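Accompanying notes for the structure given below.
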Amino acid sequence: MGELEETVLDAFRRQGLSRRAFLKFCAATASLLALPPAAATAMAETLARTPRPTVIYLSYQECTACLESMTRSFSPTIEHLIFNNISLAFNDTLQAAAGEAAEAARKEAMRQAWGKYILIVDGAIPMGAGGAYCVAAGQSAVDDLRHAAQGAAAIIAVGTCAAFGGIPYAAPNPTGAVPVSEVIRDRPVINVSGCPPIPEVMTGVVVYYLSFGMPALDRQGRPLTFYGNTIHDRCYRRPFYDEGRFAHTFDDEGTRNGWCLYELGCKGPMTYNACATLKWNQGTSFPIQSGHGCLGCSEPDFWDKGGFYRPLSAATGHWSRGEVLGGAALGGAVVGAGMAALARSRRKASAAKEAGGPPQKEDFHEH
């Protein structure tokens, strides 16, 4: 119990870090979570008295990309997360132990922290053949998950496979794979979807839970902080969409000029995620910025919704033309009208300046 009683602040100090460094960490994390400045103070006060929690990370039908993504988190870093904020008691990939030693360590960690640990689940759960498709230490994945969930204070499904079934769940789904929420129905599951999710989203959700408890979730069980807007809402190519300027091939004029990739199959208008704001590789880029349309990987059934390069207006699966264009137009109409007015006013001002006349009265005001 000694380790469980060590607070997050105590862990910082044990690592030779000052309280000032701890406050900077809280401020950076609050900024990552798009929280107001006052939240950093509240976070610091909470974490200063919060015992460093045990985390059990279970892997089932997955490709390890979610864990690979998490280990590349920069703010907060995976080192901070593991050594300062949490005690990662079990993870098949990162731990040194294997076989009976690993299982014994997990059982002991769960026993000591029963009712208090954070359970992270990576991968879909195979229900077919009585769960026989995935068996470890003589126990099926579904039974293993149900047992671990009983002692968890919080359950986080990382990746689209765990959140919505992902690729294992796609037709024809020979293993009978299901998302975590179809196995655990008696308590909330925080879905952190994406194939894989953004690193800082995964670590940010853990730190948020430690600081403030259960986050506000959307109807898909995802934290609104990171999944409250579509890629389209925040995309830097959005103005081209509103102007009707689209790339039609990956080597045409539109592509060279950075126009909207909607006609090349971009699923941004129907995909909720933070890719366009947080980006990847320490904020360097994201798929659309790299010249490729969004695949919609953070949405349910994204693998079964038609070709990745078929535009949404072609009625790909559940995404029908009316649904997509109607939803996009609601947001785009106001923004597009405003941008058009701004463009008109700037053209008038520019023309007046070139003609040497007095500035024209603008019909649009920037706020």
Next item on the list: Using only the Cα atoms of the range 58-180, each taken as one equal point scatterer with no solvent, compute I(q) by the Debye sum, divide by I(0), and report log10 of the ratio at q = 0.22 Å⁻¹.
Entry: -1.44
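Taking all pairs of different Cα atoms in the range 98-148, averaging 1/r and flipping that mean, what Kirkwood radius in angstroms comes out?
Over the range 98-148, the inverse of the mean reciprocal pair distance is 12.1 Å.
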Check: Loop-only check: which trypsin sites (Lys or Arg not before Pro) in the range 199-268 are DSSP coil with at most 16 other Cβ within 10 angstrom?
Finding: Arg219, Arg245
Check: Quick one: Karplus J couplings for the range 132-140, per residue in order, coefficients 6.51, -1.76, 1.60, θ = phi - 60°, nearest Hz, x for Gly and Pro?
Finding: 6, 6, 9, 10, 9, 6, x, 10, 6
Check: Label-point separation (nm) for Ala65 and His292, each offset 7 Å from Cα along Cα-to-Cβ?
Finding: 0.9
Next item on the list: For the range 270-279, just list the computed ³J(HN,Hα) in residue order, Karplus coefficients 6.51, -1.76 and 1.60, θ = phi - 60°, integers in Hz, with x standing in for Gly and Pro.
Entry: 10, 10, 9, 5, 10, 4, 6, 10, 7, 6
Notebook entry, point to check: Ratio of the range 25-126's C-alpha Rg to 2.2 N^0.38 Å, to two decimals?
Noted result: 1.21
Notebook entry, point to check: Expressed as a whole percentage, what fraction of the accessible surface of the range 148-287 belongs to carbon and sulfur atoms when a 1.4 Å probe is rolled over the protein heavy atoms?
Noted result: 49
Notebook entry, point to check: Roughly how many Å² of Lys305 are accessible to a 1.4 Å probe, to the nearest 10?
Noted result: 20
Next item on the list: In whole Å, largest first, what are the principal axis extents of the Cα atoms in the range 152-278?
Entry: 53, 40, 22
Check: Pulled fully out, how much extra length does the chain show between Thr284 and Gln15, if you take 0.36 nm times their separation in residues and subtract their Cα-Cα distance?
Finding: 93.9 nm
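The values are calculated or read from the model by the stated rules, or taken from the named source; none is laboratory data. All values derive from a computational prediction rather than experimental measurement. Don't worry about glycine lacking a Cβ; one is built from the backbone with ideal geometry, like all the others, and counts go over all protein chains shown. Protein only, heavy atoms only, side chains kept; ligands, DNA and RNA dropped before computing areas. Shrake-Rupley method; radii C 1.70, N 1.55, O 1.52, S 1.80 Å.
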